[in-house]
Amino acid sequence: MRIVLGIAAFFLILEFITSLGLVPAIYLPRASTIVQRMVELLGDVKFLKHVLATLGAWAVGLTLATLISVPVGILIGTSELTYRMTSPVVEFMRPIPSAALIPLAILLWGQGFPMKVILVAYAATWPILFNTVYGVHDVDPIAVQTARCFGLKQRAIHWRISLPSAAPLIFTGIRISASIGLIVVIAAELLASADSGIGSYILFVSSHGGHMDSVLAGAAVAGILGVLINSAFGVIDRNAFGWRYLGGAAQ
Amino acid sequence: MSPQTALQGKPASAVVEGLRSFFVRFGLGACLIGLWQYLAMRAGSIFFPPPSEIVTRAVELWLSGPPSRLFLGDGVFQDIIPSLGRLLAGWSLAVIVGIALGTVIGRSRRLSELLDPSLQFLRAIPGPALVPVFILLLGTESAMRIVLIAFGSVWPVLLNTIEGTRTVDPLQLDTASAFKLPGRARLWHIILPAAMPKIFAGIRVSLALAVILMVVSELVASTNGIGYRIQNAQIMFLLTDMWCGIVLLAVIGYSLNALFLKVENRVLTWHRGARGRTMT
């Protein structure tokens, strides 16, 4: 109920501001116009294809990043030596903004699907890698020692102690990367003028006649997708790792 | 063992220890750069110039000025300084607005619950998707780029400030009202300090975002900046120049983060100290 009320209030405030006419409506259309345009777009097969193109690149990129970062992160986090050896390299590569790689990615992989996937995978790698390394590295030593006392082998300790205790953090990393990834796909589509996707739709409508209502409707769809993805991951998180919150409450 | 021998033994082992930790820290990086150098020279691909070439070109671009300008080249004044200026302007704007708005929203339970879905939605809108709107409203000068940076990087600060100011220890607040502390003092001496660790975590995330948005903002309709230089190099097929820009951004991102960590450590020392005392 509160959520509906909040969204309604937000919409009314936006509608009020945009109807004041501080800037011409072709520059900043009314909120109601944008919502109307968004509803139109969601019934438009061509636009839905753009949405699918964006989501496809996002999903493949995120999966790729997960498949790379989780094993590498476990490898790095398990041993103190590898942890200390790799951290300067990771610290140096991580701050390279994915946007800075767009020009390079265009040259190497063109303006289509592969370029988007690689950029998403690059941007999504770091949060997953960090959380995996951190999660595996900071396993409760008492749990590991207890397992050792019970005669568990290193391998068994790995599978039954380190990984389960790191799993919630790894998932949090994937969740953060999911949000970042969506932003990166759309940015890449827009800045590299890709052949399809929400970003290329926004670029197209803004450069062909400057239809600001369509631009903002496209951006709003991207925002809603972001919220949906984040909430979906939140639901999975609560269902799969609910025990983590129980443990926290018991302490 | 007499103190004498302990003293004698120390320098040698300290040197060995120092060397060892130096190799552990930088060994892998050096190996990777060496491997890149070797592979790049062997393959001769124009897309991946060897690091030596990138460094030489970077020195040419940015460090070959006259001594009167500390050897800084024209590129520093044309691109790096304008970029960093906009970055700092946009980021500061995001931090100020984020903390101010966040405190107002966070102190009211009803307001924060009411606004939460809208804020989540606004945060999820990709900043670059709004570039066309910002260009129309603000033109293509620095103002547009600063607003874009601020819009994109305000959310972590805002949401963390809301979270931080909302979850102040009730005991502290009760104590404050028992002592009849006026509202302003309560804000400055209890609420904001208590929220500081969360706020700082948000500011750090927003710094990384601000660097990304700085580049994004310079990839469209711009005439200077590091992002512009990279894109220009791509169009002119000057791949070494492009790599220089990418490496420069990594250096900038790394240094800003390191600098910020230093500041954070200093500002939050009291907090860690207090935590350490109460925990043990």
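The values are calculated or read from the model by the stated rules, or taken from the named source; none is laboratory data. Fair warning: this is a prediction, and the values are worked out from it, not measured in the lab. Note that each Cβ is placed from the backbone with ideal geometry, even for glycine, and that neighbours are counted across all protein chains shown.
Brief remarks on what is shown
- Tallying residues that are charged (D, E, K, R) and within 7 Å of chain A (Cβ to nearest Cβ) within segment B:81-116 yields 2.
- Every pair of residues 6+ apart whose Cβ atoms lie under 7 Å, when the first sits in segment B:30-47 and is of a type in the set (Lys, Arg) while the second is modelled with pLDDT under 90: none
- Number of residues in segment A:95-132 that are in contact (Cβ under 8 Å) with a residue 12 or more places away in the chain and within 8 Å of another protein chain (Cβ to nearest Cβ) equals 5.
- Any hit, segment B:216-236, residues being surrounded by fewer than 17 Cβ atoms within 10 Å (Cβ to Cβ), within 30 Å of A:Leu107 (Cβ to Cβ) and over 25 Å from the mean Cα position of the chain (by Cα): yes
- Exclusive hit being aromatic (Phe, Trp, Tyr) and surrounded by fewer than 19 Cβ atoms within 10 Å (Cβ to Cβ), set B:Phe121, B:Phe134, B:Phe151: B:Phe121
- Check on A:Val51, buried (at least 16 other Cβ atoms within 10 Å of the Cβ), within 14 Å of another protein chain (Cβ to nearest Cβ) and either farther than 26 Å from B:Leu256 by Cα or among the hydrophobic types (A, V, I, L, M, F, W, C) (or both): yes
- Yes/no for A:Gly43 being free of Cβ contacts under 8 Å to residues at least 60 places away in the same chain and away from chain B (no Cβ under 14 Å): yes
- Within segment B:117-147, if we keep just the residues that are out of contact with any helix residue (DSSP H, G or I) (no Cβ under 6 Å at 6 or more places or on another chain) and not hydrophobic (A, V, I, L, M, F, W, C), the residue that is farthest from the other protein chains (Cβ to nearest Cβ) turns out to be B:Glu141.
- Selection within segment A:147-163 - within 13 Å of A:His137 (Cα to Cα) and either loosely packed, with under 14 Cβ neighbours inside 10 Å or polar (S, T, N, Q) (or both): A:Ser162
- Looking only at segment A:159-200, and only at residues there that are part of a loop (DSSP other than H, G, I, E, B) and touching a Lys or Arg at 6+ places or on another chain (Cβ under 9 Å), the one that is nearest to the other protein chains (Cβ to nearest Cβ): A:Ala192
- Filtered residues of segment A:201-238 (kept if away from chain B (no Cβ under 11 Å) and surrounded by 17 or more Cβ atoms within 10 Å (Cβ to Cβ)): A:Phe233, A:Asp237
- B:Val95 at pLDDT below 80 and in the same structural domain as B:Met144 (by TED's automatic domain parsing): no
- Annotation for segment B:54-67: at least one member residue is touching a Cys at 6+ places or on another chain (Cβ under 9 Å), touching a residue at least 40 places away in the same chain (Cβ under 8 Å), surrounded by 18 or more Cβ atoms within 10 Å (Cβ to Cβ) and among the β-branched types (Val, Ile, Thr).
- The residues on offer are A:Pro95, A:Pro127, and the sole one that is in a loop (DSSP other than H, G, I, E, B) and crowded, with 18+ Cβ neighbours inside 10 Å is A:Pro95.
- Looking only at residues in segment A:62-94 that are at the interface with chain B (Cβ under 7 Å from one of its Cβ atoms) and not hydrophobic (A, V, I, L, M, F, W, C), the one that is nearest to the chain's Cα centre (by Cα) is A:Glu91.
- Residue pairs meeting the criteria (Cβ under 6 Å; at least 6 apart or on separate chains; first in contact (Cβ under 8 Å) with a residue 60 or more places away in the chain, in segment A:8-33; second part of a loop (DSSP other than H, G, I, E, B) and surrounded by fewer than 13 Cβ atoms within 10 Å (Cβ to Cβ)): none
- Lone qualifier among A:Ile186, A:Ile174 - being surrounded by 19 or more Cβ atoms within 10 Å (Cβ to Cβ), more than 20 Å from B:Pro128 (Cβ to Cβ) and of a type in the set (A, V, I, L, M, F, W, C): A:Ile174
- Criterion violated by B:Lys198 - all others in (1) at the interface with chain A (Cβ under 8 Å from one of its Cβ atoms); (2) buried (at least 18 other Cβ atoms within 10 Å of the Cβ) satisfied: (1)
- A:Gly56 within 26 Å of A:Ala222 (Cα to Cα), touching a residue at least 12 places away in the same chain (Cβ under 8 Å), surrounded by fewer than 18 Cβ atoms within 10 Å (Cβ to Cβ) and over 16 Å from the mean Cα position of the chain (by Cα): no
- Residues of segment B:196-222 classified as assigned to a helix (DSSP H, G or I), farther than 15 Å from A:Leu101 by Cα and among the small types (Gly, Ala, Ser), total: 5
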